[in-house]
Structures are given as C-alpha cells and as structure tokens.
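Peer 1: This is the structure I have questions about; it appears just below.
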Amino acid sequence: MFRVWGRIFKNNHLIKDTVCIIEDESMKRTHKVFSALEQICETLDLSNPIWLEKNITEFKRIGRTRFYSDSFIESIEFDYLDFYIIEE
C-alpha cells in the first residue's frame, strides 16, 4: 500500500488535508507519486503544481516536499502544499 498525505497551510495553520491511497502494486514508485499528487490536487480543488528542481531533490532525499506559489501556474490563496509519503 502506498499512502500520501497532502496538506494546505496558510500562516502556519493547517487549512485542508487529504490522504491518497494507491493499492496497485504493479505501478512503479514514480507513477504512484504522480498519480497521488494528481488525486490530492483534484480532491483539494487545485491545479497540479510543477515539479521544480528543489522539489525533486527534496523529495528524493526525504520523501516530502512543499509546493509554494512558484510551483503553481495559477495564483494560490495559501502559503504552500505539503506533499508527504506516509507509507510505502
């Protein structure tokens, strides 16, 4: 089972959160990550963020990253989206 937690923060307060569960063991980890991000953004009614180099490096290192306003094409009304692997 692959579980990812998506959380929206504004002024250091949790505004919304959701957990995405992917049970398809045939998918590669990269596909699971992109699928989870897409599902989380759909649930939280957000456009999909762009993976910048800092996001990729951070995610590879610790399995977690934050998407700030520079990762979104549209303007956002929060500070960042926290994307965090709970379980692999």
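Peer 1: If I filter segment 49-88 down to residues being within 15 Å of TRP5 (Cβ to Cβ) and part of a helix (DSSP H, G or I), which single residue comes out as nearest to the chain's Cα centre (by Cα)? Write out each step before concluding.
Peer 2: First pass over segment 49-88, keeping only residues within 15 Å of TRP5 (Cβ to Cβ): 59, 62-67, 80-88.
Now restrict to residues that are part of a helix (DSSP H, G or I): 59, 62.
Working: PHE59: 10, ILE62: 13 Å.
Filtering segment 49-88 for residues that are within 15 Å of TRP5 (Cβ to Cβ) and part of a helix (DSSP H, G or I), the one nearest to the chain's Cα centre (by Cα) comes out as PHE59.
Peer 1: Among the candidates LEU37, LEU46, which residue alone is surrounded by 11 or more Cβ atoms within 10 Å (Cβ to Cβ), assigned to a loop (DSSP other than H, G, I, E, B) and within 13 Å of the chain's Cα centre (by Cα)? Step through it out loud before you land on a result.
Peer 2: Values: LEU37 fails: assigned to a loop (DSSP other than H, G, I, E, B).
None of the other options fit; the residue is LEU46.
Peer 1: Quick check on my filter: what residues within segment 1-25 are free of Cβ contacts under 8 Å to residues at least 60 places away in the same chain and assigned to a strand (DSSP E or B)?
Peer 2: Residues satisfying the conditions are HIS13, LEU14, LYS16, ASP17, THR18, CYS20, ILE21, ILE22.
Peer 1: Among the residues of segment 52-81, write down those that are charged (D, E, K, R), touching a Phe, Trp or Tyr at 6+ places or on another chain (Cβ under 7 Å) and free of Cβ contacts under 8 Å to residues at least 60 places away in the same chain. Full working, then the answer.
Peer 2: First, the residues of segment 52-81 that are charged (D, E, K, R): 53-54, 58, 60-61, 64, 66, 70, 74, 77, 79.
Next cut, touching a Phe, Trp or Tyr at 6+ places or on another chain (Cβ under 7 Å) only: 64, 66, 79.
The answer is ARG64, ARG66.
Peer 1: For LYS60, work out the one condition from (1) over 15 Å from CYS20 (Cα atoms); (2) surrounded by 13 or more Cβ atoms within 10 Å (Cβ to Cβ) it doesn't fulfil.
Peer 2: (2)
Each value in this text was obtained by applying a stated rule to the coordinates, not by laboratory testing. Keep in mind the model is a prediction, meaning the values are calculated, not measured. Here the Cβ is made from the backbone with ideal geometry for all residues, glycine too, and neighbour counts use every protein chain on show.
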